[in-house]
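The values are calculated or read from the model by the stated rules, or taken from the named source; none is laboratory data. Since the model is a prediction, treat every value here as computed from it, not as a measurement. So basically every Cβ, Gly included, is an ideal-geometry build from the backbone, and we count neighbours across all protein chains shown.
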């Protein structure tokens, strides 16, 4: 994968996680244009982790990565955001949601093939 494709993938991942955190914060914390301090900290942390990810070329989603680089408390917070925002993305960002489902299916098949080979 070329460097520009990896960077494009990284930017898309960051944009997606920020949108999911915004949706969560708006619905759970009643915010409008800005995030609450807790969600802002989580957003900055998620973007920073994505910027530093050495596996961006090979991985699809952090949940499928062999190395979990989030601190445990931040990992639990992001899971909560994903569980809440994931199903709602189809209404708020349908193209992004469909892309995620397609990529998830491809990744699941790839992981199954790898396990069958071993």
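Out of 14, 26, 3, one residue alone is over 15 Å from residue 77 (Cα atoms) and surrounded by fewer than 12 Cβ atoms within 10 Å (Cβ to Cβ). It is 3.
Residues that are without any contact (Cβ under 8 Å) to a residue 40 or more places away in the chain and under 24 Å from residue 7 (Cβ atoms): list the helices (runs of 4 or more DSSP H) wholly contained in segment 17-118 that include at least 2 such residues.
Details: elements: 37-52, 72-92, 94-117.
Because the criterion is at least 2 residues that are without any contact (Cβ under 8 Å) to a residue 40 or more places away in the chain and under 24 Å from residue 7 (Cβ atoms), the helices (runs of 4 or more DSSP H) in segment 17-118 that meet it are 37-52, 94-117.
Scan segment 40-52 for residues that are at pLDDT below 95 and surrounded by fewer than 17 Cβ atoms within 10 Å (Cβ to Cβ) and the total you get is 2. Screening residue 5 against (1) touching a residue at least 12 places away in the same chain (Cβ under 8 Å); (2) under 20 Å from residue 104 (Cα atoms) leaves a single unmet condition, (1). Checked against (1) more than 17 Å from residue 15 (Cβ to Cβ); (2) surrounded by fewer than 13 Cβ atoms within 10 Å (Cβ to Cβ); (3) over 14 Å from the mean Cα position of the chain (by Cα), residue 95 passes all but condition (1).
Does segment 75-86 contain at least one residue that is loosely packed, with under 12 Cβ neighbours inside 10 Å and touching a helix residue (DSSP H, G or I) at 6+ places or on another chain (Cβ under 9 Å)? Checking segment 75-86: not a single residue is loosely packed, with under 12 Cβ neighbours inside 10 Å and touching a helix residue (DSSP H, G or I) at 6+ places or on another chain (Cβ under 9 Å).
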